[in-house]
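Engineer: This structure is in structure tokens; I'll ask about it shortly.
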């Protein structure tokens with residue numbers, strides 16, 4: 001999710017407008033000339049309430065994760081992407097069939113920060129939440145985010161990238177698989193290796209769960 005704080009404001013606006021529409025539908029006289037408008041207001045209102053509430057909860061979780069990352073809680077890797085490295089990544093990104101990380105053609109002159117924890121990934125203004133089982137400080141922890149990471153790798157030149165292969169499980173059927181691909185500067189490769197190895201250990205733990213120590 002990009003700009004989670006903005007998404008909270010938009011979600012709150014949708015809830016307020018949806019509530020207004022629902023109230024309007026009930027206030028209108030229950031007479032034939034108004035029934036079409038009542039139906040339209042009611043449908044729009046309940047849809048706004050549903051989408052707004054779901055988006056609000058999702059954005060609030062993203063804001064909470066972003067705050068934890070910026071405070072350095074349980075961070076397993078961090079690095080900085082400068083504009084030159086980003087330009088190399090944009091050219092490489094055109095060859096990827098599916099990358100869920102936003103890749104605008106330009107970024108601010110100060111570059112983008114990347115922070116990773118077992119629960120979330122922050123790249124610039126984009127936050128992604130992980131559905132993951134991990135060992136943190138000797139204890140098994142569980143998160144219920146959006147992405148379930150199934151593979152993790154690091155490779156390539158110009159630039160080197162961290163690849164997290166992930167899926168979102170729907171109501172039925174197999175998860176839909178996507179990629180979270182992030183460029184890594186040379187000096188940050190040790191951090192990226194630590195992130196990769198962490199998720200590989202998570203995947204192994206998920207495959208062979210054990211009780212909390």
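The values are calculated or read from the model by the stated rules, or taken from the named source; none is laboratory data. The structure displayed is predicted, hence computed values, not measured ones. Ideal geometry is used to build each Cβ from the backbone, glycine not excepted, and the neighbour counts take in all protein chains shown.
Engineer: Within the range 26-44, identify whether any single residue is in contact (Cβ under 8 Å) with a residue 24 or more places away in the chain, more than 30 Å from residue 186 (Cβ to Cβ) and not assigned by TED's automatic domain parsing to the domain that holds residue 190, and answer yes or no.
Structural biologist: Within the range 26-44, one or more residues are in contact (Cβ under 8 Å) with a residue 24 or more places away in the chain, more than 30 Å from residue 186 (Cβ to Cβ) and not assigned by TED's automatic domain parsing to the domain that holds residue 190.
Engineer: Moving on. Within the range 81-103, track down each residue that is within 17 Å of the chain's Cα centre (by Cα) and free of Cβ contacts under 8 Å to residues at least 40 places away in the same chain.
Structural biologist: 103
Engineer: Being surrounded by fewer than 16 Cβ atoms within 10 Å (Cβ to Cβ) and modelled with pLDDT of 85 or more is the filter here; which residues of the range 92-124 pass it?
Structural biologist: If the condition is that a residue be surrounded by fewer than 16 Cβ atoms within 10 Å (Cβ to Cβ) and modelled with pLDDT of 85 or more, then 108, 109, 110, 113 are the ones that fit.
Engineer: Restricting attention to the range 34-41, does a residue exist that is closer than 30 Å to residue 196 by Cα and surrounded by 12 or more Cβ atoms within 10 Å (Cβ to Cβ)?
Structural biologist: no
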